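What follows draws every value from the coordinates through simple rules; no lab data is involved. What you are looking at is a predicted structure, and each value in this text was computed from that prediction instead of being measured. FYI the Cβ positions are ideal-geometry reconstructions off the backbone, even for glycines, and counts take in every protein chain you see.
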Amino acid sequence: MSEQEQGLIVRHYQVEGRVQGVGFRWFVQREAAEIGLRGWVRNSPHGHVEAVAAGSPEQIAELETALQRGSRGSRVDRIRIHNLEDAEADSLTEFRIEGAV
């Protein structure tokens, strides 16, 4: 059964709050890799953290719970979530940290 038949979800996240300089990207990468998601996380030039993740509805729900919780020392004030087209997952590999834009 392909991922699409299993209900693949691809989402973009913009996490706002105290999320840069507190190990938040490393936290997201570790959580997402343990869950088995594909995608990336990076700092945005506006002081937020951005991430794109692809996985099953259960995996995505688990990541969103972790994003709300945040890493030690971080403070998550708001998470903006945008659903992306399934085709966006085609270019995603194992979950990684990208350089700041």
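Below are the figures for this structure:
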{"read-out": "Full-stretch length increase - GLU34, GLU88 - with 0.36 nm per residue and alpha-carbon distance subtracted", "value": "17.3 nm"}
{"read-out": "Per DSSP, loop trypsin sites (Lys or Arg not before Pro) in segment 37-87 with at most 14 further Cβ within 10 Å", "value": "ARG72"}
{"read-out": "Cα coordinate range in the chain, projected on the principal axes (Å, largest first)", "value": "41, 25, 20"}
{"read-out": "Normalised contact order of the chain, rounded percent, pairs of Cα under 8 Å and 6 or more residues apart", "value": "44 percent"}
{"read-out": "Table column - 3J(HN,Hα) (Hz), segment 48-62, Karplus curve with 6.51, -1.76, 1.60, x for Gly and Pro", "value": "9, 10, 10, 8, 10, 9, 10, x, 6, x, 5, 5, 5, 4, 5"}
{"read-out": "Lys, Arg +1 and Asp, Glu -1 on Cβ, resulting dipole of the chain about Cα centre, debye, nearest 20", "value": "720 debye"}
{"read-out": "Student exercise, segment 48-101 dipole from Lys, Arg, Asp, Glu Cβ charges, in Debye to nearest 20", "value": "520 debye"}
